[in-house]
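Remarks on the structure that follows.
Read-outs: derived from the displayed coordinates by stated rules, not from any lab. Source: prediction; values computed, not measured. For neighbour counting, all protein chains shown are included, and Cβ atoms are generated from backbone atoms with ideal geometry for every residue, glycine included.
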Amino acid sequence: MRNTWIGRTAALAIIWCGLANGRVAAAETGPAAPPTASVTRRVVVSIPDRTLVLLLNDEIVSVYPVAVGKAKTPSPVGTFTIVNRVVNPAYYQAGKVLGPGAANPVGTRWLGLSLKGYGIHGTDAPSSIGHARSHGCIRLRNRDVERLFEQLRPGDVVDIH
C-alpha cells in the first residue's frame, strides 16, 4: 500500500510541475527571458497519501512518509511558504515550554510555515508516521526532517492538499 501512496503523490507532483512549466514557458518565451540558473525548491504534501515530496527545479528529489493532522485538528490545505528554520527547537503549549531533547514533540528540526502555528517538524513518536495523528503540522521522522531541513530555505513554497 505504501508504494501506491508514494506513486500517487509523485504523480500529483509531476502533474503540478507540468502545469507550472506551462506557465513558466509561456512567461519566458520573449527575447528578454531571464537566465534559469536559480534553484527552485518546492514541497508538495499529500494529506490522503501521507507523503511529502521535495522538488528541486521541478524534479522529484525525495519522497518521505509523514504524519498529518487528525480529524479534530486537521492539517491546513493550501499554498504556504517557509518562514523560519530552527535546529533543536523548544516546544511551547499552553504556558508550558519544553526544551530540546528526546521527549520534545517537535523533534530535532522545525520548518515554520506562513500560517502561524503550523510547520514541518520531527517527532518524538516515530510510530505516528503514516497516520493522521498530529495537531495539524506535518511530522517526519527526525532523520528525514534533518535531511529535508538542509535543502529548504525561507521563502520556499509548500503546497498541502
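Data for the structure
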item: Residues (surrounded by fewer than 20 Cβ atoms within 10 Å (Cβ to Cβ) and either among the small types (Gly, Ala, Ser) or in a loop (DSSP other than H, G, I, E, B) (or both)) located in region 116-126; result: Lys116, Gly117, Asp124, Ala125
item: Residue ranges of strands (runs of 3 or more DSSP E) in region 35-112 with at least 2 members among the polar types (S, T, N, Q); result: 78-87
item: Flag if Thr123 is hydroxyl-bearing (Ser, Thr, Tyr) and farther than 15 Å from Val66 by Cβ; result: no
item: Test: residue in region 91-110 that is under 16 Å from Val145 (Cα atoms), exposed (fewer than 15 other Cβ atoms within 10 Å of the Cβ), touching a residue at least 12 places away in the same chain (Cβ under 8 Å) and over 11 Å from the mean Cα position of the chain (by Cα); result: yes
item: Long-range neighbours under 7 Å by Cβ, at least six apart or interchain, first residue in contact (Cβ under 8 Å) with a residue 12 or more places away in the chain and surrounded by fewer than 19 Cβ atoms within 10 Å (Cβ to Cβ) within region 127-145, second aromatic (Phe, Trp, Tyr) and outside any helix (DSSP H, G or I); result: Gly136/Tyr118
item: Output for region 125-161, where each listed residue is under 16 Å from Pro100 (Cα atoms) and in contact with a Phe, Trp or Tyr (Cβ under 9 Å, 6 or more places away or on another chain); result: Arg141, Val145
item: Given (1) among the hydrophobic types (A, V, I, L, M, F, W, C); (2) within 24 Å of Val61 (Cα to Cα); (3) in a strand (DSSP E or B), number of the condition Val145 does not satisfy; result: (3)
